[in-house]
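Reading through the structure tokens given below for one structure.
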Amino acid sequence: MTEIKFTLNGKKQILNTDPNRRLLDVIREDFQLTGPKEGCGEGECGACAVLLNGQIVNSCSVPLANVDGQDIVTIEGFSSTKQYHVIKEAFAKAGGVQCGFCTPGMIIATQSLLSENPHPDDYEIKIGLSGNLCRCTGYNLIIKAVKTASKDGDGLW
Amino acid sequence: MKDISKSINKVDNDEKISGSAKYIADFVMDGMLYAMTKRSTISKGEIVKIDYPQLPDGYYIINHKDVQGKNVIKVIFEDWPVFTDKKISYLYEPIMLVIGPDKNILTQLLDSIQITYKEETPLFDWTDSVIDYHFDKGKGNRIFDQADKVIEHTYHTGYQEQAYIEPQGFIGYPEGDKTTLIGSIQCPYYVKNAVKQAIGEKDENVRVIQSTVGGAFGGKEEYPSLIGCQLAVAVKKIKKPIKLIFEREEDMSVTTKRHPSKTVFKAAIKDRKIIGLKAHVSIDAGATIGLSGVVLSRALLAVSGAYTVDHLDVSGNVFRTNTVPNGAFRGFGAPQMFFAVDMFVEHVAKELNQDPLEFRKKMLVKQGDRTSTNGLFRDPVLMPEMIEKAIKESNYLKKIEDYSKKGNYKGIGMSLFYHGCGFTGSGEKDVIKAKVKLKKDKNKKVYILVAAVDMGQGVKTTFRKLISHMLDIDIKDVIYHNPDTDFVPDSGPTVASRTMMIVGGLLARAAKEMKKRWNEEEFIVMKEYEQPDYIEYDEKHFIGDAYPAYSWGVNIVEVEVDPVTYQVDLKKAWSVYDAGKAIDERVVLGQADGGLAQGLGYGYLEVMNHKNGKIMQKNMTDYIIPTAMDLCDMDTFLFDNPYAYGPYGAKGVGELTLIGGAPAIAKAIENAIGKNVFKIPVTPEYIMELINHD
């Protein structure tokens, strides 16, 4: 057991737990935040994506020890921001959601991308989403959604 | 009147985007235990002895001895045990569940159970035929007597994994005398009926509820019945909530996949035309037969592809091997056959020195033509206009001419295909007998009561939209909850591109009646499937109309092949579909993109194989599905061609969009490298082999 301190969705947290636990398990089991999903368990599919200091990481591949002193935002925390609402509307309008299992991860990836590059071109969007697998959409409408968000949310990022 | 196709926002967008939608792994119940599966480590043989460790308090083992009903899963062909008693017929066959509160302890317990086997030599070759079909059309094989030339080729297709991003899972719990399951499933009543048989319970004592499904694609058609039965057996004995969720590696190594296939085609040629075809299809069922016979049927029925050939000799076999059972996957036999036949007709045209496009256009199915089983293509066939549209949008003619010049490694390919909508043959009438209910309450809310699930394809939205249009009421006043067998009738499984056409068609009929009776305060309308009276099918002899309607498609795909690495770069894809009428255009376009992506992946990227019965791809890391970087822009165009019995004319759409991807990309690669392609996936290794082999 080790004491780990971090910020989760804006709140300071102190946990006394095994530092080897996966961040994903801690988020889902200790905080009942089930927006991040387990799709593959080895950092390949991106369904478990969260923001670590504003950048996308796969929470299934992050041991809790690594987040000591860091800032974590999950889809639940991100959903109270202005940026979220722009991205949400863009995904709805474009038809970028099917089964929804990859969607929270895709939203996190979009935020991570736009915060670094507010006006990405198609190629940059594809690179930005390439760590998130979707089996339903073929990505076409998700890419369209990211473009729409970038345009509609101009100035937010 | 409003055009129903005009898109609306999907009703479940908010919960899915915000992450609040509950998938099965997200549920937690008080006192919930976890289940893990102990599996065989050999491919064939018998269990001689099992040494169990001392179980700590609160831990349980559930095996075949606990199965109080029949120890077999209820699917079309019943040969899949809930838990094997002794006989092992594939690697990782489930032997028992280990159940308890702590997953770490469960893992240790699994490791400490020692099983001694008497091993036998497993069979991996396709020699043990368990199903053998044959039918003729016209003169059958005798047409070859009139041939002045015979052309023969063989085509191979590999495994394909559904790779839904949400792995399989259930939670089971007792409710009084009742055993209840909630899970990620396509077919609530398949699970319910299987569980009833396995635990030997009455209808009212089994309840199955669908949680939000994170993708399925056929992978959650019959497989959930297996783990649902295992869990139900455990719940009935232990009487506590139990959660069983697969990890990705387990999911990929033990769940059903698309059947690998081999198709041998022979064409009887006379005056540089195909006058007859002989085809033999072999598919690998894996260790259990399950749905394989129906998969083979669908492949055989599509033997002449989007073309009419008057004389056919068609046969096929399902082979049993000591490998993981194969099963349903979007397309269900059709992707294998459309790859083979569409490549073959192209190859024949080339060998006859004919322009493949003109050759194929002349052979296209027309309204009034006979199907492979002497049924009728009754409805208008819009393929000539659809092909023209695809050609124009893609600039196909100019490109194929340019790319056919040697050495530029650019290519373009076109596939032509259809999909028979609904269950094959008399399935709807004799087996499924779908029932739907529509209920109006005092507050003028209308409830859709069906067992069709939304697994991402948008049924929650399109069904509600359909009913709101028909009754001319706000979509907010139309209620649809995830199916729960305690409340919804058996409208059949969510498979076979039947949901909108068949279940939606029944709902539309119910809505029509409801509209007439709208002044009544509170009432329920029930409708049951009635087969259009012109449909007759003899399943045994393959004679008649195998499907009530057909959806049609054209895919054009453009690629560039790297001349050094032979990596294939997708440039762009164009699709034209006739799915009757879109109930929501954007939903159909989403299906079109996703289906094509899976079809393209099947054609060039998704390698799966087994070595001595072990699936070599373990995870998303080594089973490669397309990422955003792999795929390309996809333009889709829809042609309206309303079908009389579909709601607003809708036919099937889900499976159609997968079928043409593989032949289109295979032909594009063929065009780029100037060599004929005979198997998928067309990997860089295979391209190298083709280029180096002259």
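The table below gives the values:
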quantity: Failed criterion for B:Ser184 (all others in (1) polar (S, T, N, Q); (2) within 14 Å of another protein chain (Cβ to nearest Cβ); (3) open to solvent by 10 Å² or more (accessible area, probe 1.4 Å) hold); calculated: (3)
quantity: Residue among B:Ile669, B:Ile665 that is assigned to a helix (DSSP H, G or I), crowded, with 24+ Cβ neighbours inside 10 Å, of a type outside the set (Lys, Arg) and within 14 Å of another protein chain (Cβ to nearest Cβ); calculated: B:Ile665
quantity: Selection within the stretch B:245-256 - open to solvent by less than 20 Å² (accessible area, probe 1.4 Å) and over 18 Å from B:Ser40 (Cβ atoms); calculated: B:Arg248
quantity: Checking B:Ala579 against (1) open to solvent by 40 Å² or more (accessible area, probe 1.4 Å); (2) more than 14 Å from chain A (Cβ to nearest Cβ); (3) touching a strand residue (DSSP E or B) at 6+ places or on another chain (Cβ under 7 Å); (4) aliphatic (A, V, I, L, M), the condition it does not meet; calculated: (1)
quantity: Counted residues, the stretch B:21-44 - those being part of a strand (DSSP E or B), open to solvent by less than 50 Å² (accessible area, probe 1.4 Å) and not small (Gly, Ala, Ser); calculated: 6
quantity: Residue match in the stretch B:389-396 (condition: part of a helix (DSSP H, G or I), among the small types (Gly, Ala, Ser) and touching a Ser or Thr at 6+ places or on another chain (Cβ under 9 Å)); calculated: yes
quantity: Boolean, B:Gln146 is farther than 21 Å from B:Phe77 by Cα and crowded, with 24+ Cβ neighbours inside 10 Å; calculated: no
quantity: Failed condition for B:Met634, given (1) in contact (Cβ under 8 Å) with a residue 40 or more places away in the chain; (2) farther than 17 Å from B:Phe217 by Cα; (3) away from chain A (no Cβ under 14 Å); calculated: (3)
quantity: Residue match in the stretch B:644-658 (condition: within 14 Å of chain A (Cβ to nearest Cβ), buried (at least 24 other Cβ atoms within 10 Å of the Cβ), in contact with a strand residue (DSSP E or B) (Cβ under 7 Å, 6 or more places away or on another chain) and of a type in the set (Gly, Ala, Ser)); calculated: no
quantity: Residue that is farthest from A:Cys136 (Cα to Cα), among those in the stretch B:544-576 that are open to solvent by less than 10 Å² (accessible area, probe 1.4 Å) and among the polar types (S, T, N, Q); calculated: B:Ser551
quantity: Subset of the stretch A:94-118 (residues that are more than 7 Å from chain B (Cβ to nearest Cβ), open to solvent by less than 10 Å² (accessible area, probe 1.4 Å) and aliphatic (A, V, I, L, M)); calculated: A:Ala94, A:Met106, A:Ile108, A:Ala109, A:Leu114
quantity: Residues of the stretch B:640-679 classified as closer than 30 Å to B:Gly407 by Cβ and more than 18 Å from the chain's Cα centre (by Cα), total; calculated: 16
quantity: Members of the stretch A:121-135 found to be within 12 Å of chain B (Cβ to nearest Cβ) and out of contact with any Cys (no Cβ under 7 Å at 6 or more places or on another chain), listed by number; calculated: A:Asp122, A:Tyr123, A:Glu124, A:Ile125, A:Lys126, A:Ile127, A:Gly128, A:Leu129, A:Ser130, A:Gly131, A:Arg135
quantity: Test for B:Ser89: is it modelled with pLDDT of 95 or more, within 14 Å of another protein chain (Cβ to nearest Cβ) and farther than 30 Å from A:Glu76 by Cβ; calculated: no
quantity: Test for B:Gly316: is it within 16 Å of B:Asp132 (Cβ to Cβ) and in contact (Cβ under 8 Å) with a residue 12 or more places away in the chain; calculated: yes
quantity: Lone qualifier among A:Thr74, A:Thr2 - being at the interface with chain B (Cβ under 9 Å from one of its Cβ atoms) and either of a type in the set (A, V, I, L, M) or more than 22 Å from A:Arg135 (Cβ to Cβ) (or both); calculated: A:Thr74
quantity: Qualifying residue in the stretch B:500-510 (condition: in contact (Cβ under 8 Å) with a residue 60 or more places away in the chain, open to solvent by less than 60 Å² (accessible area, probe 1.4 Å) and over 24 Å from the mean Cα position of the chain (by Cα)); calculated: yes
quantity: Filter result for B:Arg360 (open to solvent by 70 Å² or more (accessible area, probe 1.4 Å), within 29 Å of B:Val295 (Cα to Cα) and within 32 Å of the chain's Cα centre (by Cα)); calculated: no
quantity: Scope the stretch A:93-109; condition outside any loop (DSSP other than H, G, I, E, B) and free of Cβ contacts under 8 Å to residues at least 24 places away in the same chain; matching residues; calculated: A:Thr103
quantity: Checklist (1) open to solvent by less than 50 Å² (accessible area, probe 1.4 Å); (2) part of a strand (DSSP E or B); (3) in contact with a Phe, Trp or Tyr (Cβ under 8 Å, 6 or more places away or on another chain) applied to B:Ala628, failing item; calculated: (2)
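Residue-wise test of (1) in contact with a His (Cβ under 7 Å, 6 or more places away or on another chain); (2) β-branched (Val, Ile, Thr); (3) buried (at least 19 other Cβ atoms within 10 Å of the Cβ).
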| site | (1), (2), (3) |
| --- | --- |
| B:Glu46 | no, no, no |
| B:Leu55 | no, no, no |
| B:Ile73 | no, yes, yes |
| B:Asp79 | no, no, no |
| B:Leu97 | no, no, yes |
| B:Gln114 | no, no, no |
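The values are calculated or read from the model by the stated rules, or taken from the named source; none is laboratory data. Computed from a predicted model, the values in this text were never measured in an experiment. Don't worry about glycine lacking a Cβ; one is built from the backbone with ideal geometry, like all the others, and counts go over all protein chains shown. Protein only, heavy atoms only, side chains kept; ligands, DNA and RNA dropped before computing areas. Shrake-Rupley method; radii C 1.70, N 1.55, O 1.52, S 1.80 Å.
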